[in-house]
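First the structure, in the form of structure tokens, and then the observations on it.
Rule-based calculations on the coordinates, nothing more; no lab input. Source: prediction; values computed, not measured. Cβ sites come from the backbone with ideal geometry, for glycine too, and all protein chains shown count toward neighbours.
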């Protein structure tokens, strides 16, 4: 499924997806590593063309790196826009790590 197809899929399957999340039966499928690597390579290539001498992979518009507070604030804003439960970027990172560990030992 492409990113362009995702919204239509989510709208079409919203009820069963929400139910599977509520009942803890939802098992997200990981993004294939090859696809993410290719996306990052495309980003890197585009950024090298725009900013050939950059210090950070994701440079901020004012130079340097994004500060932790900026990342947290943007996350909070986006999370609040689409979710009612409380979460932090750390919560999601922890959950992602646990899910991967469970797959490795499982």
Residue within segment 78-89 that is in contact with a helix residue (DSSP H, G or I) (Cβ under 6 Å, 6 or more places away or on another chain) and assigned to a helix (DSSP H, G or I) present: yes
Cβ-Cβ under 7 Å pairs, at least 6 apart or on other chains, segment 66-85 side within 19 Å of residue 18 (Cα to Cα), far side part of a loop (DSSP other than H, G, I, E, B): 79/87
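Scan segment 47-66 residue by residue and report those that are more than 20 Å from the chain's Cα centre (by Cα), part of a helix (DSSP H, G or I) and surrounded by 10 or more Cβ atoms within 10 Å (Cβ to Cβ). Even if it seems obvious, please write down each step before you answer.
First, pick out the residues of segment 47-66 that are more than 20 Å from the chain's Cα centre (by Cα): 48-55, 61-64.
This time we only want the ones that are part of a helix (DSSP H, G or I), so: 48-50.
Within segment 47-66, just 48 meets the criteria.
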Condition check for residue 9: out of contact with any helix residue (DSSP H, G or I) (no Cβ under 7 Å at 6 or more places or on another chain), surrounded by 11 or more Cβ atoms within 10 Å (Cβ to Cβ) and part of a loop (DSSP other than H, G, I, E, B): no
Test: residue in segment 21-31 that is surrounded by 10 or more Cβ atoms within 10 Å (Cβ to Cβ) and farther than 30 Å from residue 102 by Cα: no
